[in-house]
Amino acid sequence: MSRQPAPNRAGRAALNAAAYAVTVFLLLPTLIIIPMSAGPERLLSFPPKGFSLRWYGEYFGDEDWIRATLFSAEAGVIAAVCATTVGTMLALALVRGRLPGKGLVELLVIGPVIVPHIALAVAMFLVFEQLRLTGSLLGLAMAHTVLALPFVVFTVLAALYRFDAELERASLSCGAGPGSTFLHVTLPLIAPGLISAALFAFIISFDEAVVSFFISDLDRKTLPRKMFEDIDFNISPTLAAVATMLTALTIAALLIGYALRRGMERRARRTKP
Amino acid sequence: MGVQEGARGQVTVEALAKRFGPVKAIDNVSLRVGAGEFLALLGPSGSGKTTILMAIAGFEYPDEGRILIGGEDVTWAPPNRRNLGMVFQRYTLFPHMSVLENIAFPLKMRRIGRTEREERARAALETVRLGGMGDRRPSQLSGGQQQRVAIARAIVYQPRVLLMDEPLSALDKNLREEMQLEIKHLQQRIGITVVFVTHDQTEALTMADRVAVLDHGRLQQIGAPRDLYETPETVFVAGFIGETNFCEGRLDHSAAAGEPVFVGLDGGGQMSAIAAQALPAGGRIKVALRPERLRVLPTGDGPAARVTEAIYAGNATTLMLEAEGGQRLRARIPAGGGLHEARPGDHVRLSWQTADARAFAA
Ligand SMILES: Nc1ncnc2c1ncn2[C@@H]1O[C@H](COP(=O)(O)OP(=O)(O)OP(=O)(O)O)[C@@H](O)[C@H]1O
Ligand SMILES: [Mg+2]
């Protein structure tokens with residue numbers, strides 16, 4: 001890599017610079033929120049004139065904020081568990097199974113990524129209204145399960161492709177049935193992928209706003225909905241504090257997921273002669 | 001070797017066939033492995049060795065034919081119900097378990113209690129000379145050690161049959177030779193039936209009681225290493241096992257297997273040989289003659305030849321020869337045996353025992 005001809009190297013440097021510039025441009029608003037959340041004034045301002053954590057205190061002291069957070073967390077956990085379970089089974093069927101119409105299943109799984117969220121939200125609202133699922137925790141968790149499913153399936157598929165399928169044969173030859181083989185061999189080895197998928201699913205549900213807006217209601221609102229509503233009549237730095245915490249949580253989840261997948265890859269490489 | 005009908009360790013493959021699309025991976029193969037016997041499946045790449053082994057193991061189901069283990073028809077039984085030991089080419093140890101846990105795994109699946117499990121796993125680890133390594137992870141072992149653990153895991157539940165698919169091909173030469181003997185000794189000590197896949201003929205000849213040679217999914221010959229080398233039954237086996245000279249020609253009368261024949265060589269002259277198989281009249285013939293069976297004499301009434309090259313290799317000298325009709329041959333002269341001082345350009349006479357030259361329909 002270090003022996004590239006000069007013009008090529010210059011071109012590469014320019015490309016890198018452009019990529020970094022775009023990244024910074026995209027990240028800047030998110031990053032500016034952080035100092036804004038730690039300013040002492042009542043109105044959002046930049047740059048902040050001092051340092052204070054009072055808006056974080058405000059959040060933790062406000063029953064409305066906490067209720068919305070807990071509701072979102074509940075929905076997120078249920079969606080993460082459901083999406084991981086269903087997504088893992090789907091990924092297994094796609095890799096190991098001989099199911100007819102594999103391509104169609106794959107297409108259906110990718111669906112929620114391609115269809116605009118707003119269209120999905122309208123569709124879900126119309127269906128859930130009939131089923132009296134709007135405004136319920138169950139309805140919200142179901143909707144978020146669907147949204148998170150593609151990401152789970154792709155994460156687990158990646159884990160399964162890295163997994164050495166011959167280990168399953170070895171297990172069968174040891175006298176373990178297909179169930180025991182999954183439990184004792186496949187599952188422990190793809191577990192980091194599953195945890196990473198579950199974290200991802202949780203985050204997708206936790207900060208999802210569009211679908212939540214349509215199918216949650218005023219008594220039981222999610223955290224993103226509460227944030228959205230707050231912006232309308234009271235632009236307080238509490239909002240910036242919440243946004244900062246949400247960002248930190250997302251980054252933490254992604255980093256943990258990344259570390260888990262890296263560990264899995266290293267192990268796969270070490271044990272393949 | 002007491003090979004009794006239906007003995008627990010006996011493996012019978014009956015008229016097995018398996019296609020993958022247009023490829024006949026196994027083409028009507030029948031063979032029987034006696035209890036306690038070491039059988040090698042030998043053949044070039046793609047000859048169907050692995051497919052046969054996988055059918056015995058239960059990972060492939062045949063299109064036709066039956067597989068019996070200990071007299072019981074297991075053709076359609078799932079792999080985990082066959083109670084076979086299996087060692088794969090890549091060691092396939094479970095990376096998330098310790099060495100001891102790996103070996104104890106089959107016992108756990110058989111619902112054997114923890115104490116007995118550990119005891120037997122430790123004993124198996126001793127058997128493969130790795131005592132004291134039980135707490136390590138597979139990734140902390142060398143290739144040879146990992147393969148030993150895989151063997152321990154495959155024999156810890158005392159299956160009657162052990163299947164191995166090129167278990168040594170990932171190891172370097174010295175270690176491979178060491179492991180060949182070790183596996184052979186282990187097999188003799190515990191009296192287990194082994195079906196061993198390899199494409200390395202030296203490995204097959206040194207380890208196996210009998211060798212089954214395969215080509216294009218077809219069983220070419222099955223027999224003791226000595227029989228395969230000295231009395232090959234097909235031209236493929238003659239060429240595949242060891243080194244050989246082929247002389248091409250034609251036979252103007254038919255001959256039954258075992259009959260002496262005179263083959264008219266393409267380059268002129270006649271060659272005395274034994275028909276290795278039934279030969280049709282007027283058919284093209286290939287005569288196989290091992291280099292060490294070709295005698296090179298300073299004088300005599302045999303065919304004349306010229307030495308083109310002499311390659312000295314310590315214990316033997318290989319002479320490259322060109323016979324009068326243009327036929328190229330090689331002869332191997334053991335050190336201290338006759339004309340090994342021959343030099344390029346020397347004129348010599350050739351001679352061989354009729355029984356050492358085997359004629360095949362080409
Ligand atoms: N799952 C499969 N799908 C399609 N073709 C297959 C499959 N398995 C084997 N074959 C084909 O069947 C033939 C026999 O393959 P097999 O693996 O048994 O050969 P082998 O003797 O073990 O060769 P090698 O020494 O390369 O391992 C080959 O032509 C191979 O390409
Ligand atoms: Mg093979």
Relative contact order for chain A, counting Cα pairs under 8 Å that sit 6 or more residues apart, in percent: 28 percent
Given H placed 1.01 Å from N in the peptide plane, which residues other than close sequence neighbours of B:L294 have an amide H under 5 Å from its amide H? B:R332
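Starting from the Kirkwood Rh over alpha-carbon pairs, what translational D in µm² s⁻¹ does chain A have by Stokes-Einstein at 4 °C and 1.567 mPa s? Walk me through the intermediate numbers first.
Values: Rh = 21.6 Å.
It diffuses with D of about 60 µm²/s by this estimate.
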Quick calc, region B:74-115, dipole around Cα centre from Cβ unit charges on Lys, Arg (+) and Asp, Glu (-), nearest 20 debye, gives 180 debye
Enter the accessible area of B:E101 (Å², nearest 10), with the probe set to 1.4 Å and all protein chains included. 90 Å²
For B:M207, tell me the accessible area in Å² from a 1.4 Å probe, rounded to the nearest 10. 0 Å²
Residue mean of other protein chain beta carbons inside 10 Å, B:85-95: 6
From the C-alpha gyration tensor of the protein assembly as shown, square roots of 5λ in Å: 72, 30, 24
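Take every DSSP beta bridge whose two residues both sit in chain B, then give the antiparallel share in percent to the nearest 5. Before the final figure, lay out each step's value.
Numbers: 57 of 76 bridges.
Bridges in chain B are about 75 percent antiparallel.
Mind checking the full-extension length gain between A:I110 and A:A14? Use 0.36 nm per residue of separation minus the Cα-Cα distance, one decimal, nm.
On the way: separation 96, 0.36 × 96 = 34.56 nm, distance 3.48 nm.
Extra length from A:I110 to A:A14 when fully extended: 31.1 nm.
Counting heavy atoms of the protein chains only and a 1.4 Å probe, report the per residue accessible area for the protein assembly as shown as a whole number of Å². Walk me through the numbers on the way to the answer.
Working: 31240 Å² over 635 residues.
Accessible area per residue, the protein assembly as shown: 49 Å².
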Show B:H185, A:H184 ordered by accessible area, largest first, where the area counts protein heavy atoms only and the probe is 1.4 Å. B:H185, A:H184
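Add +1 for every Lys or Arg and -1 for every Asp or Glu among the other residues with Cβ under 9 Å from the Cβ of B:T308, and state the total. Walk me through the numbers before you get to the answer.
Values: positive: B:R306, B:R328; negative: B:E309, B:E322.
It works out to a net charge of 0.
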For chain B, longest principal axis from Cα atoms; helix B:114-127 axis from its Cα atoms; angle between them, nearest 10 degrees, is 20 degrees
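Note the buried accessible area between A and B here, summed over both chains, with a 1.4 Å probe, in Å² to the nearest 100.
Working: alone 16020 and 17340 Å², together 31240 Å².
Looking at A and B, the buried total is near 2100 Å².
Using a 10 Å cut-off around each Cβ of peptide A:175-181, what is the average number of partner chain Cβ atoms that fall inside? Write down the numbers at each step before the final one.
Working: counts 15, 7, 5, 3, 0, 4, 2.
Per residue, the number of nearby Cβ atoms from other chains is 5 on average.
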Span from the region A:186-235 Cα centroid across to the region B:170-240 one, whole angstrom: 62 Å
What angle do you read, to the nearest 10 degrees and between 0 and 90, between the alpha-carbon axis of helix B:173-190 and the longest principal axis of chain B? 60 degrees
For A:K102, give me every one of the lysines with a C-alpha distance below 27 angstrom, ignoring sequence neighbours fewer than eight places off in its own chain. B:K18
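Do the sum for the protein assembly as shown: with -39,500 (n - 2.57) for every DSSP H run of n ≥ 4, divided by all residues, what is the mean residue ellipticity at 222 nm, to the nearest 500 deg cm²/dmol?
Numbers: 20 runs with 295 residues, N = 635.
Only helices count here, giving -15000 deg cm²/dmol.
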Count the net charge of all other residues whose Cβ sits under 13 Å from the Cβ of A:I190, scoring Lys and Arg as +1 and Asp and Glu as -1. +1
Once the whole set of protein chains is in place, how much accessible area is left on B:F262, using a 1.4 Å probe, in Å² to the nearest 10? 120 Å²
Judged on accessible area alone, 1.4 Å probe, highest first, A:C82, B:C247 line up as A:C82, B:C247
Kyte-Doolittle mean at least 1.6 and Cα extent at least 30 Å along the axis: which DSSP H helices of chain A qualify? A:137-162
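Heavy atoms only, probe 1.4 angstrom, no DNA, RNA or ligands counted: give me B:Y312, A:Y56, B:Y61, B:Y157 ranked by accessible area, highest first. It would help to have the intermediate numbers written out before the result.
Numbers: B:Y312 165, A:Y56 45, B:Y61 80, B:Y157 20 Å².
Final ranking, largest accessible area leading: B:Y312, B:Y61, A:Y56, B:Y157.
The values are calculated or read from the model by the stated rules, or taken from the named source; none is laboratory data. Predicted model only: the values in this text are computed from it and were never measured. Here Cβ is always computed from backbone atoms with ideal geometry, including for glycine, and neighbour counts include all displayed protein chains. Keep in mind that these areas ignore ligands, DNA and RNA; they rest on the heavy atoms of the full protein, side chains included. Shrake-Rupley method; radii C 1.70, N 1.55, O 1.52, S 1.80 Å.
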